[in-house]
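*Asks:* First, the structure itself, so that you have it in front of you.
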Amino acid sequence: MNPSLDELVTRRASLRTKYDEAVSKLLKALDSHPKPTYSRDDLTKLRITLATFNPGVPSFGTSLFEPMSREKLAGFSLKMSEQSQNTQNLHNRYDELYNRLPDQAGVVGYRQPNGREADIFYRNLESTSSYLGRLYKGSYKRTRRSHEFLTDTSKWTQLADGNPFEELPVGFLGGYSPNAQIPRWYVEANYEWQDNPRDPSTIRPHMMLVVRTGAIAVVGELLFCELACIAQVIKNRLQQEDFTRTSLFPVLLLLLCGPRHGRIVQAKYNKSGILKVRTSQIYTFERMVSAPWDLFLRYYVCYPHDGPDMEFASDEEEPEVSVVPPPASQYVSHESSSRRVLRNRRDKNPSTQKFKHASPKTPKAGKENVSRGIDEYE
């Protein structure tokens with residue numbers, strides 16, 4: 001028997017309270033006892049489980065984000081002859097822009113980089129991030145009448161000035177590092193899914209972040225910045241009036257990390273208040289010809305799954321993903337949607353996302369930092 005509307009409301013309220021308590025404790029623990037990386041034992045103490053998944057074939061039932069198929073992506077390409085000289089230079093000199101440490105073999109796989117090493121790795125990733133952005137923005141396929149750009153196939157929208165999410169404490173999303181042992185990170189872009197760009201009630205609670213850091217990802221562990229960004233997003237989503245009608249807050253993280261690597265991470269809370277995190281293998285972006293550009297592009301334009309089966313699955317279940325998810329309007333408060341419409345009218349075409357550097361203990365404080373989103377590359 002399907003639960004009644006009142007039963008769903010009660011269950012959601014209970015889960016929201018549980019998740020809010022859990023993520024608040026997690027953020028407090030991260031701020032008071034930070035570590036560069038968290039092992040499975042560390043994560044267990046924080047009520048977090050860590051598993052792996054194959055992002056090329058995300059077959060497990062609770063797959064939160066479905067990547068574009070290889071076949072569909074194969075129809076899109078970046079015509080290098082049509083690109084600016086800067087883009088052509090980036091493509092041709094990509095391998096040369098990789099700065100390898102003389103003793104790098106003694107760092108990767110053995111320890112986290114020191115400040116100088118992390119800064120070198122961070123700069124290595126600037127060309128990686130830039131080229132990914134140009135692939136995403138510039139790739140297209142010819143149609144009978146004109147061109148279809150890859151960006152037009154997705155309904156991920158970068159958060160902009162005036163978005164309600166921006167009015168909440170930015171905390172760890174601003175790159176706030178509790179101590180000098182944790183390499184810096186930068187949220188280069190953050191996205192939310194909106195089925196209809198003119199209708200705020202069609203926004204889904206899922207969020208996607210593109211993060212760059214000089215830290216080195218480790219198999220079977222989570223970086224501080226990965227865990228902190230996921231927790232901060234969930235905490236802020238729970239506070240948004242737009243999403244008081246759901247307890248489902250999936251997060252997708254596209255991580256670019258040292259020395260020139262990357263991986264894909266997805267997370268959500270289960271009904272026991274356990275944060276379930278899944279990571280892909282660690283990929284190398286060191287060389288242009290072998291870098292997993294296509295895989296990461298497939299997730300730039302992935303599809304977010306949701307629905308009651310996903311939201312209320314038991315902790316042991318791996319539910320089948322609904323082919324036709326419920327409308328996003330079932331999650332979004334109509335009152336808050338009206339306020340968002342007014343904001344959108346004031347700022348229809350913002351180009352950047354601003355983050356305020358701040359400690360979670362001191363929300364709203366600090367300097368502003370303009371995020372270089374994927375859409376800004378030319």
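*Asks:* Out of 22, 105, 29, I need the residue that is under 22 Å from the mean Cα position of the chain (by Cα), closer than 29 Å to residue 226 by Cβ, without any contact (Cβ under 8 Å) to a residue 24 or more places away in the chain and in a helix (DSSP H, G or I). Which one? Lay out the reasoning, then the answer.
*Replies:* On the way: 22 fails: without any contact (Cβ under 8 Å) to a residue 24 or more places away in the chain; 105 fails: under 22 Å from the mean Cα position of the chain (by Cα).
Every option except 29 fails the conditions.
*Asks:* Would you call residue 154 modelled with pLDDT of 95 or more and within 21 Å of residue 190 (Cβ to Cβ)?
*Replies:* No: the conditions fail for residue 154.
*Asks:* Only one residue in 123, 100 is part of a helix (DSSP H, G or I) and among the charged types (D, E, K, R), so which one is that?
*Replies:* 123
*Asks:* May I ask you to list the residues in the stretch 237-289 that are closer than 20 Å to residue 183 by Cα and aliphatic (A, V, I, L, M)?
*Replies:* Correct list: 253, 254, 255, 256, 264, 265, 282.
*Asks:* Moving on to the next point. When you look at residue 228, is it surrounded by 21 or more Cβ atoms within 10 Å (Cβ to Cβ), within 15 Å of the chain's Cα centre (by Cα) and not acidic (Asp, Glu), yes or no?
*Replies:* So residue 228 fits the description; yes.
*Asks:* Still on this structure, please answer the following. Residue 50 - would you say it is in contact with a helix residue (DSSP H, G or I) (Cβ under 9 Å, 6 or more places away or on another chain), closer than 27 Å to residue 303 by Cα and part of a helix (DSSP H, G or I)?
*Replies:* When the stated conditions are applied, residue 50 does not pass them.
*Asks:* Farther than 30 Å from residue 26 by Cα, among the hydroxyl-bearing types (Ser, Thr, Tyr) and at pLDDT below 95: which single residue out of 139, 63, 127, 146 fits that description?
*Replies:* 146
*Asks:* Then there is this: Which of the residues that make up the stretch 152-194 are of a type in the set (D, E, K, R) and more than 16 Å from residue 206 (Cα to Cα)?
*Replies:* Matches in the stretch 152-194: 152, 161, 167, 184, 188.
Table: residues versus (1) surrounded by fewer than 20 Cβ atoms within 10 Å (Cβ to Cβ); (2) more than 27 Å from residue 132 (Cβ to Cβ); (3) over 14 Å from the mean Cα position of the chain (by Cα); (4) in contact (Cβ under 8 Å) with a residue 60 or more places away in the chain.
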| residue | (1), (2), (3), (4) |
| --- | --- |
| 169 | no, yes, yes, yes |
| 172 | no, no, no, yes |
| 176 | no, no, yes, yes |
| 190 | no, no, no, yes |
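*Asks:* Looking at the stretch 1-19 only, could you name the residues that are part of a helix (DSSP H, G or I) and not aliphatic (A, V, I, L, M)?
*Replies:* Across the stretch 1-19, the qualifying residues are 6, 7, 10, 11, 12, 14, 16, 17, 18, 19.
*Asks:* Okay, moving on. What is the number of the single condition among (1) out of contact with any His (no Cβ under 6 Å at 6 or more places or on another chain); (2) farther than 20 Å from residue 254 by Cβ; (3) surrounded by 15 or more Cβ atoms within 10 Å (Cβ to Cβ); (4) not small (Gly, Ala, Ser) that residue 122 does not meet?
*Replies:* With respect to (1) out of contact with any His (no Cβ under 6 Å at 6 or more places or on another chain); (2) farther than 20 Å from residue 254 by Cβ; (3) surrounded by 15 or more Cβ atoms within 10 Å (Cβ to Cβ); (4) not small (Gly, Ala, Ser), residue 122 is out only on (2).
The values are calculated or read from the model by the stated rules, or taken from the named source; none is laboratory data. Please read all numbers here as calculations on a predicted model, not as lab measurements. Virtual Cβ from ideal backbone geometry, glycine too; neighbours counted across all protein chains shown.
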